[in-house]
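Worksheet for the structure shown next.
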Amino acid sequence: GKPKGVVHRQEMLNCSVETLSGVIPLNEHSRSLHIAGFSFIAGLVDIMPLLAAGGSVYVANEEERKNTDLIHTIFRKRQITGMYCPPQMYTVLKKLYGPLPLEYVLMMGEKYNGEEETQPGVWEGYGTSEACPPVLLNPAGKGGPLCLGKPAARTKVYVVDEEGNRIDRPGEIGELCISSPWLALGYHNMPRETAERFTENPFEPGTRLYHSGDQMAWDENGNLVFHGRRD
């Protein structure tokens, strides 16, 4: 499709700090390995939470970020404690070297399809550029291959039917709508699309709602399960 420019406030930079603080323990001894491009919104999770906690960030160069041997060497040499890692890369690293010597790993960008995770501290995050990830968090591999987890801190999510009614019953599919302090202002120079996807929140007056287009349903444990796209 045709990419859309998403307009955010600077406040968006606080998103990963607040949403991850209750899940991932960070302090002045924490060190992340940053391998994502600086234009990729998921890469912020390697930077902002670490600096806010007084930790530090090792920024991999172009050669390092594409070489699994170099990445694994950096873990030890730089005393890395955690990182954002695409699921495919995590799967390859784990297969080559076994459990990673890290306190945490956060995977986003695609679904992790590996077996149930036994290494502690490995999480999956779901989110969109419009709502700023992570919106949902789930221990990797838990709940089945389509389970996306529970809402992150200060984020409210709703499953809504075609008439705009809220769905709370487990198993009933509707569109995922998101309300949080970090919603985008809208799409750059696209007022019609902005009006369609960003609306007033009928479930909490005075707040805004982003209509994601993702079809989801609650399960019996309060997790959201993915069921495709509306389009």
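The values are calculated or read from the model by the stated rules, or taken from the named source; none is laboratory data. Computed from a predicted model, the values in this text were never measured in an experiment. Quick reminder, even Gly has a Cβ in these numbers, built from the backbone with ideal geometry, and neighbours come from all protein chains shown. To get the accessible areas, we keep the full protein, side chains included, count just its heavy atoms, and leave off ligands, DNA and RNA. Shrake-Rupley method; radii C 1.70, N 1.55, O 1.52, S 1.80 Å.
A dipole drawn for the stretch 107-231 from +1 and -1 charges on Cβ atoms has a positive end, and of THR128, GLY213, LEU146 the residue lying farthest that way is THR128.
If one takes the longest principal axis of the Cα atoms in the chain, at what angle in degrees, from 0 to 90 and to the nearest 10, does the Cα axis of helix 87-97 lie? Long axis of 87-97 versus the principal axis of the chain: about 20 degrees.
In a fully extended conformation the segment linking LEU13 and ARG230 would gain 75.2 nm over its present Cα-Cα distance, using 0.36 nm per residue.
Rounded to the nearest 10 degrees, the inclination of helix 68-77 to the longest alpha-carbon principal axis of the chain is 70 degrees. Packing order of peptides 171-177, 93-99, highest average first: 171-177, 93-99 (average count of other Cβ atoms within 10 Å over each peptide's residues). Using only side-chain charges placed at the Cβ, +1 for Lys and Arg and -1 for Asp and Glu, the dipole size of the stretch 75-173 relative to its Cα centre rounds to 660 debye.
Compared with the rule-of-thumb size 2.2 N^0.38 Å for a compact globular protein, the stretch 48-167 has a Cα radius of gyration ratio of 1.20.
Which residue, chosen from GLY171, MET190, GLY37, occupies the Cα position most advanced towards the positive end of the dipole of the chain, where the dipole is computed from +1 (Lys, Arg) and -1 (Asp, Glu) charges on Cβ about the Cα centre? Projecting each Cα onto the dipole axis, the largest value belongs to GLY37.
Of the beta bridges in the chain, as assigned by DSSP with both residues counted there, near 70 percent are antiparallel.
Listed options for P(r) over Cα pairs in 10 Å bins from 0, in percent are [x] 9, 34, 34, 18, 5, 0; [y] 8, 31, 35, 20, 6, 0; [z] 7, 26, 33, 25, 7, 1, 0. The value calculated from this structure is the one marked [y]. The mean accessible area for residues of the stretch 1-79, using a 1.4 Å probe and ignoring ligands and nucleic acids, is 59 Å² per residue.
Note on the stretch 1-101: Kirkwood radius taken over Cα pairs, Stokes-Einstein applied at 20 °C and 1.002 mPa s, translational D equal to 147 µm² s⁻¹.
Given R₀ = 45 Å, FRET efficiency for ASN61-THR199 by Cβ-Cβ distance, to 0.05? About 0.55, to the nearest 0.05. For PHE38, PHE226, PHE75, the ranking by accessible surface with the largest value first comes to PHE38, PHE226, PHE75, using a 1.4 Å probe.
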